[in-house]
1. For residues in region 92-110 being touching a Phe, Trp or Tyr at 6+ places or on another chain (Cβ under 7 Å) and loosely packed, with under 13 Cβ neighbours inside 10 Å, which is modelled with the lowest pLDDT?
2. Can you tell me which residue within region 58-103, out of those that are assigned to a loop (DSSP other than H, G, I, E, B) and among the charged types (D, E, K, R), is farthest from E45 (Cα to Cα)?
3. Cβ-Cβ below 9 Å, separation at least six or inter-chain, first residue in region 73-84 and β-branched (V, I, T), second assigned to a loop (DSSP other than H, G, I, E, B): which pairs?
4. Regarding region 9-28, can at least one residue be identified that is modelled with pLDDT of 85 or more, loosely packed, with under 13 Cβ neighbours inside 10 Å and in contact with a Gly (Cβ under 9 Å, 6 or more places away or on another chain)?
Amino acid sequence: MKLMGTKKEKFNKDHGFTLIELMVVVVIIALLTTAALPQYARVIEKVRNVEVLHYLSSLKPFQEMFALQHGYYTADFNRLSFQPPRLRSFRPYVTRADRGGYRLAFQRTGIIPTGISRGYVITHDYDTERGIDEVGGNLPDYLQNW
């Protein structure tokens with residue numbers, strides 16, 4: 001019968017991790033990060049595009065009120081009682097405003113992650129005569145259905 005704890009365990013260089021084992025773990029983590037980063041950047045880009053939808057939903061009632069009072073839509077937002085939400089990632093500009101509707105464009109600005117199409121524009125076309133109220137533009141493929 002052996003008594004517990006009577007045998008001395010031999011401790012030598014067998015405990016801990018070797019440099020090679022640590023380097024393998026670092027390489028695996030780097031590969032996983034490299035694979036996940038582009039997808040993460042795309043998700044963040046989709047979230048940034050929500051800024052545009054918020055801007056449009058805030059603007060539309062003010063444009064409608066102005067059109068009811070004056071008979072046309074305005075390109076000058078200073079004429080509206082509209083305090084636009086701050087856009088951190090886009091620069092808005094009006095490309096058309098008349099009796100039939102208006103067209104806004106939102107140019108992507110700021111730092112754009114690698115792998116994201118640079119300089120894309122989101123457009124909002126609101127045309128009462130043709131019955132159009134749509135958002136589009138020259139968006140990257142993965143942003144088409146955001």
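The values are calculated or read from the model by the stated rules, or taken from the named source; none is laboratory data. Treat the numbers as computed from the prediction; the structure is a model and nothing was measured. With ideal geometry, Cβ positions are generated from the backbone for all residues, glycine too; neighbour counts draw on all protein chains shown.
1. It comes out as T109.
2. Restricting attention to region 58-103, the residues satisfying the condition of being assigned to a loop (DSSP other than H, G, I, E, B) are 71-76, 80-89, 99-100.
Add one more test, that the residue is among the charged types (D, E, K, R), and what stays is 76, 86, 88, 99.
Values: D76: 28, R86: 17, R88: 12, R99: 34 Å.
Across region 58-103, the extreme among qualifying residues is R99.
3. Matching pairs, first to second residue: T74/L80.
4. No: zero hits.
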